[in-house]
Every structure is written in structure tokens, then in C-alpha cells.
Amino acid sequence: MTQHRRVVFFLDSGLDPDDYADRWRRGLVPDRLPYGIEHAPEGWTFEIAARRVPRGLRRIGRFLHGRLGFDLLRALVNRRALSRADAVYCHTEVEYLAVAAVLPRHGGPILAGQTIWIFHRFASLPVLRRRLVRRLIRRVDLLIANAEPNVELGRAIAPAAVHRYLPFGISRAFASDDRRPGSPQVLGVGNDAARDWDVFAHAVEDAGVVDVRVASKAPVHVRGTDVAVATSGLAELRELYATSALVLLAARENAHASGITTLLEAAAAGTPVVATRTGGLDAYFTDDEVAFVEPGSRDALSAAVRRDLADPAARERRGRAAREAMDRSALWNDCYWRRVVDELSGLPLGSRP
């Protein structure tokens, strides 16, 4: 009989599972649960700890969040569910630092957490905040990163911790062979804070592109016109990937593979991508699969865009190669959860020292 392991997924307060499931039913998101955790491998049960902080305490919770950098009160509210798990998984440091603060230092469940921003910003944190982060990280049994630069930074900050690079994965809902390139010529997608929309805009202007669409909440002005319009749902986003000539992804230097979701979604659809070589994106694809250029250079980006628009056969060939790499490198969210539980399997679940 298969032994089931219970993993509690502690979610950020902005990702209520019931609201998320409702958005899925309305066709707004690709999976029923955040990050597709319903695709966890057989023998593993992922339950969500997402009890809300009582209304009367939310002001206190926001105050603590602002001072500490994580939602301590929300972790306390969910402490019982967290403590009863074989393992706790957190998708960002905002969650795993909070969980580390409420779990016992010895015994209790295994704590695994993915890092996104904290290592890159660590040196700029106030001294007391840095000390607190170092102390709490000692309670994290497995530090996961979806970008190789974060692993390197993490090992310098917490050399005694266990660090693992696990490539991210996206929903198979984006997988498609339905390429009908037409409009827009250039597509931008995403809301990550590290995106360089100024360089994006200047690059498409310099390349003479007139048909531009950006699916983002951020305003992006090209020749004085805001070309950013958020998509109405999954169907529209998939249609944009299917019909755009290419996706342009410009990001500033970062350590968390800013834009990786967009890059994987475009690759899943077979859409050619021009991207800045930042954050470890080039660990996911080769130069034969994605046209990488150095960051911060509008000239390099615009030159790459012009080459792609002038040679449809070459860019589509590169898009197909990226699509094949998705399967070869297992860059789907069900594969990602397999990688996570494989790492957890090597830890003393249920009997942490």
C-alpha cells in the first residue's frame, strides 16, 4: 500500500485557494490551485494552510509584516495545520520566514521554501533584519531556487543550509502547436518588478515596430501611446502567444529569473522569444532556442527584433526548438512538483531531529 505523505502549502495572503479555484472555473487561470499543486505526484497530498487573520487583528498583522518583512500573524493563525504536516512547503521567503518563526526549532515538520527576492536584497537590509533572516533560515531544512544565481547568493549567506536548484514548470494548458503568426508583431507579457519596460519600449521603437501589445498591469508607452492592456483570461493570452510574431522579454539584472513564467509559456506555445540574459534564464534554454542578448542594451534588443522580423523561417525554427525543449527538460508544473517531492523524500519526514 502506498504511504501518503502530507505536505502543507503555506500560501501568501493574496492567494486564497477558494478564490483561485473560482478564477479557474471562469477561465482566468490555467490550474485549479495556485502553481498547479493539484498535480502533485501519487502518494503525496498537498493541503493548503490559508486561514485568514481575523478582521480585528489585520491592522496589527500589516504592521508586523511591514516591520519584519513577512506575515507572522498569518503563520500563527495557521500554526496548528503547519505543525501537523510531514513537511511544509512555501513558495517564497515571505512565507518560509514566517513559518520558521512559529515552528519549534527542534522536531516538527520539515520546512522547505523557495527563495525569490531576499538573497538579492540581503546586503541592503537593515542590520537587525539581516540577523533575523539568518537566524530564521537555520530552521529551513531545504532552500529551493528556480534560478542558479539565487543558489549562489544563498550559499554565501547561509553556507550551512541545504540549497537546491530546481527548474520551474508551468501549466500544460499553455502547450500548443497552433502557430498562426500575424498580429501583434511584438508581444510583451508580465508584471514582475524586475522587468525593464523602458528598454522594451525603446527597442521596439528603434526596430520600427508599429504593432505592439503588452499584456501587463504596468503602463508601457511606445511612441507616446500606452500599449499595455491586461488580458481578459487564459483564452486571450493563449491566442496572443499563438498569433504574435515574437515575444520580447527585457529584464534588469536580478537573481530570480525574472520573466521565467512568460518565457516558459511562450516556449510551450512555440512562440519565438528574444530575451535579456538575466537572472539565470539561459539555464533553461540554449541560444538555439531563445535569442538571448545582454541586459540594458536597447540597441542589442532592437537588432535582435529586426533580425527576427526579417527572417520568419529562422525565428519559427527557434520557437519549435524551444517547444521541444519544454518536454525534454520537463518544464511543466507536474514535473516541478515531482522534483520538489524527490528532494523532500531524501529528508527525515515526520522525524526531524
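Ordering 335, 90 by accessible area with a probe of 1.4 Å, largest first, what comes out?
335, 90
So with the 1.4 Å probe, I'd like the accessible area per residue for region 91-191, rounded to whole Å².
43 Å²
Calculate for the chain the 222 nm mean residue ellipticity that helices alone would give, adding -39,500 (n - 2.57) per DSSP H run of length 4 or more and normalising by residue count, nearest 500 deg cm²/dmol. Could you put the intermediate results ahead of the total?
Numbers: 14 runs with 138 residues, N = 353.
Taking each H run of at least 4 residues, the total per residue is -11500 deg cm²/dmol.
On the protein heavy atoms, probe 1.4 angstrom, tell me the percent of accessible surface of region 79-134 carried by carbon and sulfur.
The nonpolar share, carbon plus sulfur, comes to 53 percent.
What's the local net charge at residue 193, with K and R +1, D and E -1, over the other residues with C-beta under 14 Å away?
Summing Lys and Arg as +1 and Asp and Glu as -1 gives 0.
Amide H neighbours of residue 49 under 5 Å, at least 5 residues apart or on other chains, H built in the peptide plane: list them.
9, 10, 11
Would you please state which residues of region 72-115 a label at residue 58 would reach in this model, taking the label point 7 Å out along Cα→Cβ and a backbone N cut-off of under 15 Å?
73-74
Over region 1-43, average the accessible area per residue using a 1.4 Å probe and give it in Å², no decimals.
Normalised by residue count, the accessible surface of region 1-43 is 57 Å².
So how far apart, in nm, are the two label points at residue 83 and residue 327 if each is 7 Å from Cα heading toward Cβ?
4.9 nm
What do you reckon, how do 202, 256 stack up by accessible area (1.4 Å probe), largest on top?
202, 256
In what order, largest first, do 110, 60 sit by accessible area if the probe radius is 1.4 Å?
60, 110
If I stretch the segment between residue 294 and residue 22 completely, what's the gain in nm (0.36 nm per residue apart, minus their alpha carbon distance), one decimal?
Residue separation times 0.36 nm, minus the Cα-Cα distance, leaves 93.9 nm.
Taking R0 as 35 Å, what FRET efficiency do you get between residue 172 and residue 311 from their Cβ-Cβ distance, rounded to the nearest 0.05?
Using R0 = 35 Å, I get an efficiency of 0.70.
Cβ neighbours within 10 Å, averaged per peptide: list 133-145, 11-23, 286-298, 91-103 in order, most packed at the top.
Put in order of decreasing packing, that is 91-103, 133-145, 286-298, 11-23.
Count the net charge of all other residues whose Cβ sits under 14 Å from the Cβ of residue 332, scoring Lys and Arg as +1 and Asp and Glu as -1.
Net of charged neighbours comes to -1.
The values are calculated or read from the model by the stated rules, or taken from the named source; none is laboratory data. No experiment lies behind these values; they were computed from the predicted model shown. Positions of Cβ are generated from backbone atoms using ideal geometry, with glycine treated the same way; all protein chains shown enter the neighbour counts. For the accessible areas, the whole protein counts, side chains as well, though only heavy atoms, and no ligand, DNA or RNA atoms are used. Shrake-Rupley method; radii C 1.70, N 1.55, O 1.52, S 1.80 Å.
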